[in-house]
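**Student:** There's a structure below that I have some questions on.
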Amino acid sequence: MHLELPLAFEATSLVVIIAIIIADLVHAYLRPHVPSTKESSLWVALYVVLALIFAVLMLVFADAEHASQFLAGWLTEYSLSVDNLFVFVIIMARFSVPRQFQQEVLMVGIIIALVLRGIFILLGAQLIENFSWIFYLFGAFLLFTAFQQAFLNSEEMDERESAVIRFLRKRIPISNEFNGSKLRTVVDGKKIFTPIIVVFLAIGTTDLVFALDSIPAIFGITTSPFIVFTANVFALMGLRQLYFLLGDLIDKLVYLKYGIAFILAFIGVKLVSHALHTNELPFVNGGKGVDWAPEIDTVTSLVVIVVSMAAATVASVIKIRVDKRREVGTPTH
(Lines give C-alpha, C1' and ligand atoms only; values in the text may rest on other atoms or scores of the structure.)
Protein backbone atom coordinates (compact mmCIF):
# COMPACT_ATOMS: atom_id res chain seq x y z
CA MET A 1 0.00 0.00 0.00
CA HIS A 2 1.43 3.35 -1.04
CA LEU A 3 1.14 5.92 1.70
CA GLU A 4 1.24 9.68 1.35
CA LEU A 5 2.27 12.16 4.03
CA PRO A 6 1.39 15.86 4.01
CA LEU A 7 4.04 17.68 1.97
CA ALA A 8 4.35 20.46 4.56
CA PHE A 9 5.07 17.87 7.26
CA GLU A 10 7.77 16.18 5.16
CA ALA A 11 9.44 19.50 4.24
CA THR A 12 9.39 20.84 7.81
CA SER A 13 10.69 17.54 9.19
CA LEU A 14 13.62 17.45 6.76
CA VAL A 15 14.61 21.05 7.58
CA VAL A 16 14.53 20.36 11.34
CA ILE A 17 16.44 17.06 10.99
CA ILE A 18 19.16 18.65 8.84
CA ALA A 19 19.47 21.49 11.37
CA ILE A 20 19.94 18.94 14.19
CA ILE A 21 22.61 17.06 12.21
CA ILE A 22 24.51 20.29 11.50
CA ALA A 23 24.30 21.34 15.17
CA ASP A 24 25.60 17.93 16.24
CA LEU A 25 28.46 18.14 13.72
CA VAL A 26 29.46 21.63 14.90
CA HIS A 27 29.30 20.50 18.54
CA ALA A 28 31.59 17.51 17.84
CA TYR A 29 34.05 19.71 15.91
CA LEU A 30 34.23 22.53 18.45
CA ARG A 31 34.47 20.23 21.48
CA PRO A 32 36.74 17.27 20.68
CA HIS A 33 36.55 15.35 23.96
CA VAL A 34 35.63 12.01 25.46
CA PRO A 35 32.00 12.27 26.61
CA SER A 36 31.31 11.16 30.17
CA THR A 37 28.83 8.36 30.88
CA LYS A 38 26.29 10.93 32.08
CA GLU A 39 26.72 13.13 29.00
CA SER A 40 26.49 10.16 26.63
CA SER A 41 23.38 8.85 28.43
CA LEU A 42 21.63 12.22 28.15
CA TRP A 43 22.40 12.53 24.42
CA VAL A 44 21.26 8.97 23.65
CA ALA A 45 18.07 9.52 25.66
CA LEU A 46 17.47 12.83 23.84
CA TYR A 47 17.69 11.22 20.40
CA VAL A 48 15.42 8.34 21.44
CA VAL A 49 12.86 10.82 22.77
CA LEU A 50 13.09 12.85 19.53
CA ALA A 51 12.37 9.69 17.51
CA LEU A 52 9.36 8.87 19.67
CA ILE A 53 8.07 12.47 19.37
CA PHE A 54 8.47 12.19 15.60
CA ALA A 55 6.38 8.98 15.64
CA VAL A 56 3.67 10.77 17.65
CA LEU A 57 3.69 13.66 15.13
CA MET A 58 3.24 11.12 12.34
CA LEU A 59 0.28 9.70 14.21
CA VAL A 60 -1.24 13.20 14.54
CA PHE A 61 -0.57 14.46 11.00
CA ALA A 62 -1.10 11.13 9.21
CA ASP A 63 -2.30 7.88 10.81
CA ALA A 64 -1.31 4.88 12.93
CA GLU A 65 0.03 2.98 9.92
CA HIS A 66 2.61 5.70 9.19
CA ALA A 67 3.61 5.88 12.85
CA SER A 68 3.96 2.10 13.23
CA GLN A 69 5.96 1.83 10.00
CA PHE A 70 8.34 4.52 11.22
CA LEU A 71 8.75 2.85 14.64
CA ALA A 72 9.37 -0.58 13.09
CA GLY A 73 11.80 0.92 10.56
CA TRP A 74 13.60 2.98 13.21
CA LEU A 75 14.01 -0.01 15.53
CA THR A 76 15.28 -2.16 12.65
CA GLU A 77 17.83 0.46 11.62
CA TYR A 78 18.77 1.12 15.25
CA SER A 79 19.52 -2.57 15.80
CA LEU A 80 21.62 -2.67 12.61
CA SER A 81 23.38 0.55 13.68
CA VAL A 82 24.30 -1.09 16.99
CA ASP A 83 25.92 -3.77 14.85
CA ASN A 84 27.97 -0.95 13.31
CA LEU A 85 29.37 -0.24 16.76
CA PHE A 86 30.98 -3.67 16.95
CA VAL A 87 32.98 -2.86 13.83
CA PHE A 88 33.74 0.71 14.96
CA VAL A 89 35.22 -0.66 18.21
CA ILE A 90 37.44 -3.04 16.21
CA ILE A 91 38.59 -0.28 13.82
CA MET A 92 39.40 2.16 16.63
CA ALA A 93 41.36 -0.49 18.52
CA ARG A 94 43.20 -1.82 15.47
CA PHE A 95 44.49 1.60 14.44
CA SER A 96 44.98 2.84 18.02
CA VAL A 97 42.94 6.00 17.41
CA PRO A 98 43.47 8.36 20.40
CA ARG A 99 40.25 8.40 22.43
CA GLN A 100 39.95 12.20 22.37
CA PHE A 101 39.74 12.15 18.55
CA GLN A 102 37.36 9.19 18.24
CA GLN A 103 34.30 11.44 18.48
CA GLU A 104 35.29 13.36 15.32
CA VAL A 105 36.14 10.12 13.50
CA LEU A 106 32.75 8.67 14.40
CA MET A 107 30.98 11.83 13.25
CA VAL A 108 32.66 11.58 9.85
CA GLY A 109 31.68 7.91 9.70
CA ILE A 110 28.06 8.73 10.49
CA ILE A 111 27.94 11.44 7.81
CA ILE A 112 29.35 8.97 5.26
CA ALA A 113 26.68 6.49 6.35
CA LEU A 114 23.91 9.08 5.90
CA VAL A 115 25.11 10.01 2.41
CA LEU A 116 25.45 6.37 1.30
CA ARG A 117 22.07 5.42 2.72
CA GLY A 118 20.47 8.44 1.06
CA ILE A 119 21.82 7.28 -2.31
CA PHE A 120 20.68 3.69 -1.74
CA ILE A 121 17.22 4.86 -0.63
CA LEU A 122 16.74 6.77 -3.89
CA LEU A 123 17.97 3.80 -5.94
CA GLY A 124 15.89 1.35 -3.93
CA ALA A 125 12.72 3.43 -4.27
CA GLN A 126 13.17 3.61 -8.06
CA LEU A 127 13.80 -0.13 -8.33
CA ILE A 128 10.72 -0.97 -6.25
CA GLU A 129 8.54 1.40 -8.27
CA ASN A 130 9.63 -0.03 -11.62
CA PHE A 131 10.49 -3.65 -10.82
CA SER A 132 8.23 -5.35 -8.28
CA TRP A 133 10.29 -8.55 -8.54
CA ILE A 134 13.15 -6.74 -6.77
CA PHE A 135 11.59 -7.93 -3.49
CA TYR A 136 12.75 -11.46 -4.39
CA LEU A 137 16.35 -10.21 -4.63
CA PHE A 138 16.07 -8.09 -1.47
CA GLY A 139 14.65 -11.04 0.44
CA ALA A 140 17.30 -13.48 -0.78
CA PHE A 141 20.06 -10.95 0.00
CA LEU A 142 18.79 -10.46 3.56
CA LEU A 143 18.57 -14.22 4.16
CA PHE A 144 22.17 -14.57 2.95
CA THR A 145 23.24 -11.64 5.14
CA ALA A 146 21.47 -13.16 8.16
CA PHE A 147 23.42 -16.39 7.65
CA GLN A 148 26.69 -14.46 7.41
CA GLN A 149 25.81 -12.40 10.48
CA ALA A 150 25.26 -15.54 12.56
CA PHE A 151 28.06 -17.76 11.25
CA LEU A 152 30.76 -15.59 9.61
CA ASN A 153 34.28 -16.20 10.89
CA SER A 154 35.54 -12.84 12.21
CA GLU A 155 39.20 -13.93 11.86
CA GLU A 156 38.74 -14.34 8.10
CA MET A 157 37.28 -10.81 7.93
CA ASP A 158 40.28 -9.45 9.84
CA GLU A 159 42.70 -11.11 7.41
CA ARG A 160 40.91 -9.66 4.37
CA GLU A 161 40.80 -6.19 5.91
CA SER A 162 44.49 -6.37 6.88
CA ALA A 163 45.34 -7.22 3.26
CA VAL A 164 43.45 -4.10 2.11
CA ILE A 165 45.32 -1.93 4.63
CA ARG A 166 48.68 -3.39 3.53
CA PHE A 167 47.75 -2.62 -0.07
CA LEU A 168 46.99 1.01 0.83
CA ARG A 169 50.20 1.45 2.82
CA LYS A 170 52.30 0.24 -0.11
CA ARG A 171 50.77 2.76 -2.51
CA ILE A 172 50.00 5.76 -0.28
CA PRO A 173 52.63 7.44 1.94
CA ILE A 174 51.21 7.20 5.46
CA SER A 175 52.88 8.30 8.69
CA ASN A 176 53.16 6.00 11.70
CA GLU A 177 51.63 8.46 14.15
CA PHE A 178 48.48 10.58 14.35
CA ASN A 179 48.66 14.36 14.21
CA GLY A 180 45.48 15.23 16.07
CA SER A 181 42.58 14.64 13.69
CA LYS A 182 44.46 15.99 10.66
CA LEU A 183 44.42 14.05 7.42
CA ARG A 184 47.95 15.16 6.43
CA THR A 185 51.14 15.92 8.32
CA VAL A 186 54.76 16.86 7.52
CA VAL A 187 57.50 14.24 7.92
CA ASP A 188 61.08 15.06 6.83
CA GLY A 189 59.80 18.10 4.97
CA LYS A 190 57.26 16.10 2.97
CA LYS A 191 53.46 16.18 3.29
CA ILE A 192 52.04 12.71 3.79
CA PHE A 193 48.79 11.24 5.04
CA THR A 194 48.27 10.33 8.69
CA PRO A 195 46.75 6.97 9.75
CA ILE A 196 43.41 8.77 10.10
CA ILE A 197 42.95 8.45 6.31
CA VAL A 198 43.07 4.66 6.64
CA VAL A 199 40.58 4.82 9.51
CA PHE A 200 38.18 6.90 7.38
CA LEU A 201 38.52 4.45 4.49
CA ALA A 202 37.88 1.50 6.82
CA ILE A 203 34.80 3.16 8.33
CA GLY A 204 33.56 4.26 4.89
CA THR A 205 33.87 0.69 3.58
CA THR A 206 32.02 -0.59 6.65
CA ASP A 207 29.26 1.99 6.13
CA LEU A 208 28.89 0.86 2.51
CA VAL A 209 28.44 -2.77 3.58
CA PHE A 210 25.91 -1.86 6.28
CA ALA A 211 24.01 0.40 3.87
CA LEU A 212 23.65 -2.57 1.51
CA ASP A 213 22.16 -4.56 4.39
CA SER A 214 19.99 -1.94 6.04
CA ILE A 215 18.19 -0.45 3.04
CA PRO A 216 16.63 -3.73 1.80
CA ALA A 217 15.76 -4.49 5.44
CA ILE A 218 13.76 -1.30 5.99
CA PHE A 219 12.12 -1.53 2.55
CA GLY A 220 10.70 -4.75 3.95
CA ILE A 221 8.89 -2.57 6.51
CA THR A 222 7.82 0.37 4.35
CA THR A 223 8.17 1.54 0.75
CA SER A 224 7.92 5.23 1.66
CA PRO A 225 11.32 6.87 0.89
CA PHE A 226 10.59 9.59 3.46
CA ILE A 227 9.96 7.10 6.26
CA VAL A 228 12.99 5.06 5.20
CA PHE A 229 15.25 8.13 5.27
CA THR A 230 13.97 9.56 8.56
CA ALA A 231 14.17 6.15 10.24
CA ASN A 232 17.80 5.91 9.16
CA VAL A 233 18.61 9.42 10.36
CA PHE A 234 17.05 8.90 13.79
CA ALA A 235 18.82 5.53 14.09
CA LEU A 236 22.21 7.08 13.31
CA MET A 237 21.68 10.19 15.46
CA GLY A 238 23.11 9.46 18.86
CA LEU A 239 25.15 6.52 17.57
CA ARG A 240 28.35 8.41 18.42
CA GLN A 241 27.28 8.91 22.03
CA LEU A 242 26.05 5.31 22.24
CA TYR A 243 29.57 4.21 21.26
CA PHE A 244 31.04 5.98 24.30
CA LEU A 245 28.16 4.93 26.56
CA LEU A 246 28.51 1.23 25.88
CA GLY A 247 32.31 1.32 25.67
CA ASP A 248 33.84 -2.09 26.26
CA LEU A 249 30.41 -3.56 27.02
CA ILE A 250 29.59 -3.78 23.32
CA ASP A 251 32.15 -6.59 22.92
CA LYS A 252 30.50 -8.53 25.74
CA LEU A 253 26.98 -8.47 24.27
CA VAL A 254 27.79 -11.67 22.42
CA TYR A 255 24.23 -12.66 21.52
CA LEU A 256 23.28 -9.36 19.90
CA LYS A 257 24.53 -10.54 16.52
CA TYR A 258 22.12 -13.49 16.67
CA GLY A 259 19.21 -11.17 17.46
CA ILE A 260 20.16 -8.99 14.50
CA ALA A 261 20.57 -12.07 12.28
CA PHE A 262 17.07 -13.26 13.27
CA ILE A 263 15.59 -9.83 12.43
CA LEU A 264 17.29 -9.84 9.01
CA ALA A 265 16.08 -13.39 8.33
CA PHE A 266 12.53 -12.51 9.40
CA ILE A 267 12.41 -9.46 7.12
CA GLY A 268 13.98 -11.53 4.32
CA VAL A 269 11.16 -14.08 4.65
CA LYS A 270 8.63 -11.23 4.79
CA LEU A 271 10.00 -9.75 1.54
CA VAL A 272 9.95 -13.09 -0.28
CA SER A 273 6.42 -13.73 0.99
CA HIS A 274 5.32 -10.28 -0.22
CA ALA A 275 6.97 -10.89 -3.61
CA LEU A 276 5.09 -14.21 -3.94
CA HIS A 277 1.80 -12.62 -2.86
CA THR A 278 2.09 -9.87 -5.49
CA ASN A 279 4.02 -11.98 -8.01
CA GLU A 280 4.26 -10.79 -11.62
CA LEU A 281 7.07 -13.06 -12.86
CA PRO A 282 5.70 -15.29 -15.66
CA PHE A 283 7.73 -18.35 -14.60
CA VAL A 284 6.39 -18.24 -11.01
CA ASN A 285 2.79 -19.52 -10.66
CA GLY A 286 2.06 -18.47 -14.23
CA GLY A 287 2.62 -14.78 -13.44
CA LYS A 288 -0.10 -14.74 -10.80
CA GLY A 289 0.09 -14.03 -7.08
CA VAL A 290 0.52 -16.98 -4.73
CA ASP A 291 -2.58 -16.95 -2.49
CA TRP A 292 -1.06 -18.95 0.38
CA ALA A 293 1.86 -16.52 0.77
CA PRO A 294 1.02 -14.42 3.87
CA GLU A 295 1.30 -10.64 4.04
CA ILE A 296 3.00 -9.89 7.37
CA ASP A 297 1.65 -6.63 8.82
CA THR A 298 3.70 -3.82 10.38
CA VAL A 299 2.56 -4.48 13.96
CA THR A 300 3.76 -8.09 13.75
CA SER A 301 7.11 -6.88 12.38
CA LEU A 302 7.39 -4.36 15.21
CA VAL A 303 6.74 -7.04 17.85
CA VAL A 304 9.26 -9.47 16.31
CA ILE A 305 11.97 -6.76 16.17
CA VAL A 306 11.46 -5.65 19.79
CA VAL A 307 11.28 -9.21 21.18
CA SER A 308 14.36 -10.33 19.20
CA MET A 309 16.57 -7.49 20.40
CA ALA A 310 15.27 -7.71 23.97
CA ALA A 311 15.88 -11.48 24.11
CA ALA A 312 19.40 -11.14 22.66
CA THR A 313 20.27 -8.33 25.08
CA VAL A 314 18.91 -10.15 28.15
CA ALA A 315 20.70 -13.37 27.16
CA SER A 316 23.96 -11.42 26.74
CA VAL A 317 23.61 -9.74 30.15
CA ILE A 318 22.88 -13.10 31.80
CA LYS A 319 26.00 -14.56 30.18
CA ILE A 320 28.09 -11.61 31.44
CA ARG A 321 26.87 -12.20 35.00
CA VAL A 322 27.45 -15.97 34.80
CA ASP A 323 30.98 -15.42 33.46
CA LYS A 324 31.74 -12.96 36.29
CA ARG A 325 30.55 -15.45 38.90
CA ARG A 326 32.72 -18.14 37.37
CA GLU A 327 35.74 -15.82 37.46
CA VAL A 328 35.37 -15.24 41.21
CA GLY A 329 34.56 -18.89 41.82
CA THR A 330 31.03 -18.42 43.19
CA PRO A 331 28.08 -20.69 42.34
CA THR A 332 26.00 -19.64 39.31
CA HIS A 333 22.68 -20.49 41.03
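The values are calculated or read from the model by the stated rules, or taken from the named source; none is laboratory data. Note that the structure is a prediction, hence the values are computed from the model and not measured. Reconstructed Cβ throughout: ideal geometry from the backbone, glycine too, with neighbour counts over all protein chains shown. With ligands, DNA and RNA removed, areas are computed over all heavy atoms of the protein, side chains included. Shrake-Rupley method; radii C 1.70, N 1.55, O 1.52, S 1.80 Å.
**Student:** Which residue is farthest from F144 (Cα to Cα), if the candidates are limited to the range 275-285 and must be open to solvent by 50 Å² or more (accessible area, probe 1.4 Å) and modelled with pLDDT of 75 or more?
**Tutor:** Residue satisfying both the conditions and the ranking: P282.
**Student:** Can you tell me which of L30, L57, L52 is at pLDDT 90 or above, over 21 Å from I305 (Cα atoms) and not polar (S, T, N, Q)?
**Tutor:** Only one candidate passes the filter, namely L57.
**Student:** OK, next. Regarding the range 254-265, can at least one residue be identified that is modelled with pLDDT of 75 or more, small (G, A, S), more than 30 Å from L5 (Cα to Cα) and out of contact with any Asp or Glu (no Cβ under 8 Å at 6 or more places or on another chain)?
**Tutor:** Pass one, the range 254-265, residues modelled with pLDDT of 75 or more: 254-265.
Filter once more, so that each one left must be small (G, A, S): 259, 261, 265.
Checking which are more than 30 Å from L5 (Cα to Cα) leaves us with 259, 261.
Filter once more, keeping what is out of contact with any Asp or Glu (no Cβ under 8 Å at 6 or more places or on another chain): 259, 261.
Yes, because at least one residue in the range 254-265 is modelled with pLDDT of 75 or more, small (G, A, S), more than 30 Å from L5 (Cα to Cα) and out of contact with any Asp or Glu (no Cβ under 8 Å at 6 or more places or on another chain).
**Student:** Then there's this: Please determine whether any residue of the range 291-309 is within 20 Å of I134 (Cα to Cα) and touching a Leu at 6+ places or on another chain (Cβ under 7 Å).
**Tutor:** yes
**Student:** Can you find a residue that is surrounded by 20 or more Cβ atoms within 10 Å (Cβ to Cβ) and aromatic (F, W, Y) anywhere in the range 26-39?
**Tutor:** The answer is no; no qualifying residue exists.
**Student:** When you look at V44, is it of a type in the set (V, I, T), modelled with pLDDT of 85 or more, over 16 Å from F226 (Cβ atoms) and surrounded by 16 or more Cβ atoms within 10 Å (Cβ to Cβ), yes or no?
**Tutor:** Details: of a type in the set (V, I, T): yes; modelled with pLDDT of 85 or more: yes; over 16 Å from F226 (Cβ atoms): yes; surrounded by 16 or more Cβ atoms within 10 Å (Cβ to Cβ): yes.
So V44 fits the description; yes.
**Student:** Please go through the range 69-112 and give me each residue that is of a type in the set (D, E, K, R), within 29 Å of S308 (Cβ to Cβ) and surrounded by fewer than 24 Cβ atoms within 10 Å (Cβ to Cβ), ordered by number.
**Tutor:** D83
**Student:** Within the range 1-19, can you find the residues that are open to solvent by less than 80 Å² (accessible area, probe 1.4 Å) and either modelled with pLDDT of 85 or more or touching a Gly at 6+ places or on another chain (Cβ under 7 Å) (or both)?
**Tutor:** A8, F9, E10, A11, S13, L14, V16, I17, A19
**Student:** Return a yes/no flag: does the range 43-63 have any residue that is of a type outside the set (V, I, T), farther than 23 Å from T12 by Cβ and either assigned to a helix (DSSP H, G or I) or without any contact (Cβ under 8 Å) to a residue 40 or more places away in the chain (or both).
**Tutor:** yes
**Student:** Let me ask something else about it. Give me the pairs, please: first residue somewhere in the range 140-154 and within 16 Å of I263 (Cβ to Cβ), second residue anywhere and at pLDDT 80 or above and open to solvent by 70 Å² or more (accessible area, probe 1.4 Å), beta-carbon distance under 7 Å, and either six or more positions apart or on two chains.
**Tutor:** That search, which allows pairs on different chains as well, returns A150/Y258.
**Student:** Within the range 198-245, restricting attention to residues that are in a helix (DSSP H, G or I) and among the hydroxyl-bearing types (S, T, Y), which residue is modelled with the highest pLDDT? First the steps, then the outcome.
**Tutor:** Taking the range 198-245 as the starting set, the residues that turn out to be in a helix (DSSP H, G or I) are 198-219, 225-236, 239-245.
Pick out the ones that are also among the hydroxyl-bearing types (S, T, Y) and you get 205-206, 214, 230, 243.
Values: T205: 72, T206: 71, S214: 77, T230: 91, Y243: 81.
Residue satisfying both the conditions and the ranking: T230.
**Student:** Of all residues being over 17 Å from the mean Cα position of the chain (by Cα) and part of a helix (DSSP H, G or I) in the range 246-265, which is surrounded by the most Cβ atoms within 10 Å (Cβ to Cβ)? Just the residue, please.
**Tutor:** K252
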